[in-house]
1. Whole-Hz Karplus ³J(HN,Hα) for region A:224-233, in order, using 6.51 cos²θ - 1.76 cosθ + 1.60 and θ = phi - 60°, x for Gly and Pro?
2. I'd like to check one number: the per residue accessible area of region A:133-227, probe 1.4 Å, reported in Å² as a whole number.
3. Say a label goes 7 Å from Cα toward Cβ at A:Asp386 in every copy; what distances in nm does this one have to the rest, shortest first?
4. Amide H to amide H, which residues 5 or more places from A:Ala375 or on other chains are under 5 Å from it, using H placed in the peptide plane?
5. Find every distance from the label point of A:Pro406 to the corresponding label point in the other copies (7 Å from Cα along Cα→Cβ) and write them in nm, one decimal, shortest first.
6. At q = 0.12, 0.24, 0.29 Å⁻¹, work out log10 I(q)/I(0) for region A:33-97 with the Debye formula, treating every Cα as an identical point scatterer and leaving solvent out; two decimals please.
7. Count the net charge of all other residues whose Cβ sits under 10 Å from the Cβ of B:Glu106, scoring Lys and Arg as +1 and Asp and Glu as -1.
8. What are the label-to-label distances in nm, one decimal and shortest first, from A:Val140 to the same spot in the other copies, with labels 7 Å along Cα to Cβ?
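The values are calculated or read from the model by the stated rules, or taken from the named source; none is laboratory data. Nothing here was measured: the structure is a model prediction, and the numbers come from that model. A quick note on method: Cβ atoms are made from the backbone with ideal geometry, for glycine too, and the neighbour counts reach across all protein chains shown. Areas reflect the complete protein model, heavy atoms only, side chains present, ligands, DNA and RNA absent. Shrake-Rupley method; radii C 1.70, N 1.55, O 1.52, S 1.80 Å.
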Protein chains: 2
Amino acid sequence: VNVALLGFGTVGQAVARILRDQPGITLTHVFNRHVARKRVDWLPASVAWTESIDEVLAARPGILVEVIGGREPAGTYIRHALAAGCHVVTANKQLLAYEGGALLNEAARLGRRLAFEASVAGGIPVIRGIREGLSGDQLVRVSGILNGTCNYILTRMESAGLGFAAALAEARERGFAEADPTDDLDGYDARAKLCILARVALRRDLHPDAVSCRSIRPITDVDFVYAKRLGCTIRQVSRVELDEARDLVTAFVQPALVRDESPLARVQRNQNLVVTTGRAGGDTGFSGFGAGGGPTAVAVVSDVLAIAHGGHGAASAAAPVAAPSRVTDRFPAPYYLRFVVHDRPGIVAALATELAAQNINIDALLQEPARDKDALPFVVTLEECDPEDLGRALDRIARMDFHKDPPLAMPVLG
Amino acid sequence: VNVALLGFGTVGQAVARILRDQPGITLTHVFNRHVARKRVDWLPASVAWTESIDEVLAARPGILVEVIGGREPAGTYIRHALAAGCHVVTANKQLLAYEGGALLNEAARLGRRLAFEASVAGGIPVIRGIREGLSGDQLVRVSGILNGTCNYILTRMESAGLGFAAALAEARERGFAEADPTDDLDGYDARAKLCILARVALRRDLHPDAVSCRSIRPITDVDFVYAKRLGCTIRQVSRVELDEARDLVTAFVQPALVRDESPLARVQRNQNLVVTTGRAGGDTGFSGFGAGGGPTAVAVVSDVLAIAHGGHGAASAAAPVAAPSRVTDRFPAPYYLRFVVHDRPGIVAALATELAAQNINIDALLQEPARDKDALPFVVTLEECDPEDLGRALDRIARMDFHKDPPLAMPVLG
């Protein structure tokens, strides 16, 4: 089988290294901008190095591998490749999240395969695990740690007591965060993966923009001190859950307190974890490296081999995918509220009054020995409450004049 | 596709419940001894209930599902079914471990599929994950917690401070241990699964009898006290590792100390975990329920659906499987030694002398406040040593006259 490779960055190079040694696979083209800079001596001389997508497609490779990333021009290239008769393997999460429905339908119409294991959780075979290994179950929930950058930052804050800025700087130094980390920190990267998982596991088509994201940027080292007192730690959690009777999907990406004994709390550094919940099989976990050249290349090459060997056909029989009637990010949960205030008498009374007005019960009030009266952190934990009620209380509380920093609210996940 | 079901116990019933609702699948036969007792009203009247395997095979089902367990007569039924043109789905770990090579070759020769996801780690799609999802990697090691009964007992000893007998009794009461728990406690169940994983992940054919098993029966509540002091807990660990250059396989099932931060230490109650290590992708974990009707049925039905939808073809292209030149259970590791002695002066000197004679360094000597001088437990930890040297020292130590219980040695896994 002839394979053309679009993109020769870290992942593309790792893919080429593994493909080179696979019997029955011939790498024919490497496509990249400024390809002359990219040429390496460890690929056979027969490989064509090119900046022309037309040249690649004219050669009609059996499989086109796309590891350029970004929605365009990758999306156009993939559509042209499918139309030219190629099977496609991609690691492109944003493209799959936004245009996966249309692209997969197009591939099915043309009798081509579009494989995307590498688009979610890198080297962890969770797409195949769900689609084939759990096809006998009815899945109702997928949750996990889908962004290695956030997890690196949060676990370094947890274990080394770093502040957010220091942990981010360290992640950048070690290559775990990009120059512009917005997509990672603010949840857009994890959200794309969550939407892909919702499609595969729950057969529901979610528009990424309809899924709520909250940033991890407001988390401070103080939050880890209080989380620890509560038997918890803090993670960027992605979750999508289907209430089939109401055709309601609850989905979010947000920082949350997770109990120490939760599998989510055990995910360290830049690792990923996906946990599926099925009616018959219960919780099944898939963990490992969610990014990096080697792991991502394993997922790409495994897709290439499955197509080359004809073992990637089960998806065609899968149930149709539909948009749910409603998508929400609201679910009742106990909550963690952290305030940083200019201390003065009456603050707790003011907060408690607003919470009581919404029928929200306070569980505990926590305050570490005071340091700076002008920037005094303390924490209020709430019994399970409706986030809509909490939002109303917090809107009023946030307008009070004693805040040094904006209040931070996070659910406590069980 | 017509499906015949052999075995209508807990797993068989769970399989039937799920298959009943699958479009395109028709359950035609339920085969069981004393089948009249087994008949249920929630399956269609068209299902034939039978005690005759000939009747089942004469109907030429497209897929035969075998969930009887045990090597015979299940093996004979499967061979006949393959010869009769059926694809086969089985949950039979002992059969696959002992006769998997021959059966899979026979299936390939006949152009039939023999799927066995349910034979390892129940509902966790680890066979498919390795064979297809990680086919682009070169795996060098598989380790894990493969027996839910042992893990239930050990985690209950850990968390509730139970003695071994009390934990076993509780496991029996709750249905996590059989009346005769030998296969579970002494490692034969985990060993069968480990051999199946070695075949799939490392492409090495291990005869189960060639893999060393050690029982968890000598573990006492005292061992958990000392393990905790060492930042560890105790698990029944299964591991197989390939040294490709020497064609040497290191494989074992044994109780071991595992460090608290290890993923193995986090596996609770009757859960399972499989961790694969690949050259390119690093460690990938698969966790969930390794037994029970629902999870096992998910694996069986997922195999049925993959065959029915033609998505189970990748295995045919896999590399050939060979027996390794050598199988060993010996690898250098730090060790935990626990003694229970009739206390008297000179015991430590005697132990230390024998260890020194084998060039083994003592790391620490631990002793909880003494209780009973006639049955005094204490622990010696050793720096990394060769288990052959340690075996020589322990042979001599075991012959000394101060032992109340036989000495216990466990490696400390990193």
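1. Values, residue by residue: 6, 4, 5, 4, 4, 4, 8, x, 10, 9 Hz.
2. On the way: 3190 Å² over 95 residues.
On a per-residue basis, 34 Å².
3. 7.2
4. The list, which skips near neighbours in sequence, is A:Asp343.
5. Ordered by distance, the counterparts are at 6.6 nm.
6. For region A:33-97, the Cα-only Debye profile gives -0.33, -1.15, -1.32.
7. Numbers: positive: B:Arg79, B:Arg109, B:Arg112; negative: B:Glu99.
Spelling it out: positives minus negatives among the neighbours equals +2.
8. Listed shortest first, these distances are 4.3 nm.
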